[in-house]
Amino acid sequence: MISDIRQVYYNDLWNALRTEVLAMSLKYFDSSQAAADELWNVLGPSLRVGTPLGLGKPNALLNCIYRQAERDPQRELTLFTALSLNPPILPAGAKPTLESRFLGPFAERHWGKDYPILEYAQAAQENNLPKNVRIHEFYLHAGSSLSSPRMQQDYQSLNYTHVAQQLLQSELNVVVQLIAAREENGRTHYSLSCNPDVVLDLVDLYRKAGKRLFIVGVIHPDLPFMGGDAAVAPETFAMIVRDPSVTHRLFALPRMPIDPTDHAIGFHASRWIADGGTIQIGIGSLSEAVVAALILRHQANAAYRALCEKSDEKFSTPTPAQQSLGTFSHGLYGLSEMVMDGFMHLRKVGILTREVTERDSRQSNGSTYLHGAFFLGSAPFYEWLRNLEGKDFDGLKMTRVSQVNDLYDPRETLLRQQRLQARFLNTCMEVTILGGAASETLRDGRVVSGVGGQYNFVAMAHELKDARSILMLRSTRMDKGHRRSNIVASHGHLTIPRHLRDIIVTEYGAADLRGKTDEQVIISILEITDSEFQEELLKTAQATGKVSATYRLPQKAKQNRPELIRRWLIESQKTQGDAKIFSAYPFGSDFTPIEQKLTAALNFLKQAKAQNRLFKLLIRSLFLASSDYSAEIQRMKLEEPLSFRERMERRLLIAALAEIQALIRDGLHF
């Protein structure tokens, strides 16, 4: 089915668009409200709306559509989407907390006062959706819907590549999407920009099925114009909206700190990336840590190798034959459903330079250094995309997710030629001792995020020659005041089954599981498990006969404790001579210097609360001078606390800031 769909696209997509799929005249609107009115008038009282994940949502238009359904229970609105992003919002009437005191001013500065909140997403989080509105998200903003019964009930578990087919079966009748536009030679050109991911496949499916699809493009003046498959003809759309009020800032992810545990994981993972190969990276601090380590490896290779030698003494690491420790003289080619800041950094330092051909390798030399399906990142990242020129612009190609995330394509041979020595890096929540991974669903069945493209990339790692899947996770977490292991005996909701096990990385090293027996797998995973939990897991495996009763953990593995990571990081910074690469913000920050300290302090308090240590911190704060932290206290508007709660929060904040200051004195830049 998918191969047939793609063949139509490669043969004559845009001719098809001009005929049976969108056999309707293009209309232009200068108001989101007028466009919403038109949709209800043309398509009737039941709208089944698809809108892209992440950045590609036209918030103003979606809000107009939602309000009309909210006001009129006779109308039905079903929304199909993923990753609905809103700035943090303090619920009406809620008392300010330390977190809200910090986030309020930052959110206003970072996203702007006029940012249009997605009202359906806010209502869903507050369990306030009207009965005539249904929201189906195949990928949730991590943790945002754990307390929303409606969102949990209406969640659809899908691989990213299966979304278009599901939308066809769901009788979707309209797609609304943020688009980019530019004037050239007296003509207006349009681009799907950040989200060509699903809509291109969706157009093919609707044409093949002989159905009409109403596509609405809403122009945002700051959205980067991307070429290649993302550039589309005007006939793609039934409506184009150029609303002069749509000038809000693009949703930019704040550049968050990378903590020591994440840096250790990123460093271990970086040793598996082969020069001349292919790389896929997810999102978050773990991915940023990998990029930081790769840049260190490329720019200060002697220091990187010295770190590897010292790490071998402390951690479970790959054998010399498996390591990739050199600079990137041949470069890397990027292949990722999500394009984020990390690829920008790799391009800037000369790592993301391997170019692939778009044709048979016997006919042409290519110029593509990165294929992606959607992008999402920081404000500087969007600025970089807007300013791309020449080979940097031409070589970054946004395309359909089905082409990026799998191999089932008329050009499969070409895709295999491009994806040399591929390394697909993703994160997960828990790993079983047999190598299965739970990445998106809790044990009780509640969904944290979604499968997205993870399964596709893991499977592809087993289908491509010399490719590897690398799953990264922190070995422990805090839960209701107790440390819990993220390495577990079993899990009822696996995202990645054990037969696709490959490489697992924690802060304590890497476990290469491919081709190993169950006993070898368990032993390898135990060696990168926190030592507090190793013996219990080992006993479980021995009780079921999966590990020999005579096996004992090696002495080095028994040292896997948080103190080891802290010592390693301090020693590493001294060894490599450039402490910034292992700092909390190796790529800059959206926080002021004062806010950076406050961010670290608030994270410290969060951990202290989980460990039931707040009372001890309060006692310690009695011996600390608040004048040492006057700037931070002023930023949090706690100069004159008005209640007992505010006085306690002020004291706790002072104690946490003192702890952070001590870490800085010890050489940790966090």
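The values are calculated or read from the model by the stated rules, or taken from the named source; none is laboratory data. Everything quoted here is computed from the prediction, not taken from an experiment. Every residue, glycine among them, receives a Cβ derived from its backbone with ideal geometry; neighbour counts consider all protein chains shown. Accessible surface is based on the protein model in full, side chains and every heavy atom, while ligands, DNA and RNA are left aside. Shrake-Rupley method; radii C 1.70, N 1.55, O 1.52, S 1.80 Å.
Could you work out how far helix 59-71 tilts from the main Cα principal axis of the chain, as a 0 to 90 degree angle to the nearest 10?
Long axis of 59-71 versus the principal axis of the chain: about 80 degrees.
Using only protein heavy atoms and a 1.4 Å probe, report how much of LYS211 is accessible, in Å² to the nearest 10.
About 70 Å², rounded to the nearest 10.
Please compute the per residue accessible area over the range 492-618 with all protein chains in place, 1.4 Å probe, rounded to a whole number of Å².
48 Å²
Give the accessible area for ILE351 in Å² (nearest 10); use a 1.4 Å probe, count only protein heavy atoms, and leave out ligands, DNA and RNA.
For ILE351, solvent-accessible area is about 0 Å².
So how many Å³ per residue does the convex hull of the Cα atoms of the range 268-424 work out to? Let's see the in-between values first.
Details: hull volume 19.1 nm³, N = 157.
Once divided by residue count, the hull of the range 268-424 is 122 Å³.
Under the Kirkwood approximation applied to all pairs of distinct alpha-carbon atoms, what is the hydrodynamic radius of the chain in Å?
For the chain, inverting the mean 1/r across all distinct Cα pairs yields 26.5 Å.
By the gyration tensor of its Cα atoms, with a ≥ b ≥ c the square roots of the eigenvalues, what is the shape of the range 365-480: rounded for a/c under 1.5, prolate for a/b over b/c, or oblate?
Cα axes put the range 365-480 in the oblate bin.
Sum up the charges of everything whose Cβ sits under 15 Å from the Cβ of GLN542, counting Lys and Arg as +1 and Asp and Glu as -1, but leave GLN542 out.
-1
Relative contact order, percent, of the chain when contacts are C-alpha pairs under 8 Å separated by at least 6 residues?
That works out to 14 percent.
Over the range 157-207, average the accessible area per residue using a 1.4 Å probe and give it in Å², no decimals.
That works out to 33 Å² per residue.
For the chain, which whole-number percentage of the solvent-accessible area (1.4 Å probe, protein heavy atoms only) is attributable to carbon and sulfur atoms? The partial results should precede the final answer.
Numbers: 13700 of 27620 Å².
The value for the chain is 50 percent carbon and sulfur by accessible area.
How much net charge surrounds LEU617 when only other residues with a Cβ under 9 Å from its Cβ are counted (Lys, Arg +1; Asp, Glu -1)?
+3
On a 0 to 90 degree scale, rounded to 10, what angle separates helix 285-299 from the longest Cα axis of the chain?
80 degrees
Which order do ASP518, ASP628 take when ranked by solvent-accessible area (1.4 Å probe, heavy atoms of all protein chains), largest first? Walk me through the intermediate numbers first.
Working: ASP518 30, ASP628 105 Å².
So, going from the largest accessible area down, we get ASP628, ASP518.
Could you pull the accessible area for GLU463 with a 1.4 Å probe, rounded to 10 Å²?
The value for GLU463 is about 80 Å².
Provide the gained length on full extension for the span GLU563 to LEU622, in nm with one decimal, where the gain is 0.36 nm per separating residue minus the Cα-Cα distance. It would help to have the intermediate numbers written out before the result.
Values: separation 59, 0.36 × 59 = 21.24 nm, distance 2.72 nm.
Going from the current span to full extension adds 18.5 nm.
Quick one: Kirkwood hydrodynamic radius for the range 153-248, alpha-carbon pairs, angstrom, one decimal?
14.5 Å
Using a probe radius of 1.4 Å on heavy atoms only, what accessible surface per residue do you get for the range 315-357? Whole Å² is fine.
Ligands and nucleic acids excluded, the figure is 31 Å² per residue.
Of all the Cα-Cα pairs you can form in the range 196-305, what percent are over 17 Å apart? Please report the intermediate quantities before stating the final value.
Details: 4248 of 5995 pairs.
Taking all Cα-Cα pairs of the range 196-305, the fraction more than 17 Å apart is 71 percent.
Ranked highest first by the average count of other Cβ atoms within 10 Å around their residues, in what order do 411-424, 48-61, 371-384 fall?
Numbers: 411-424: 19.4, 48-61: 24.5, 371-384: 22.6.
Answer by packing, highest mean first, reads 48-61, 371-384, 411-424.
So, how do all the Cα-to-Cα distances of the range 119-169 break down into 10 Å bins, in percent, from 0 on up?
24, 51, 25, 0
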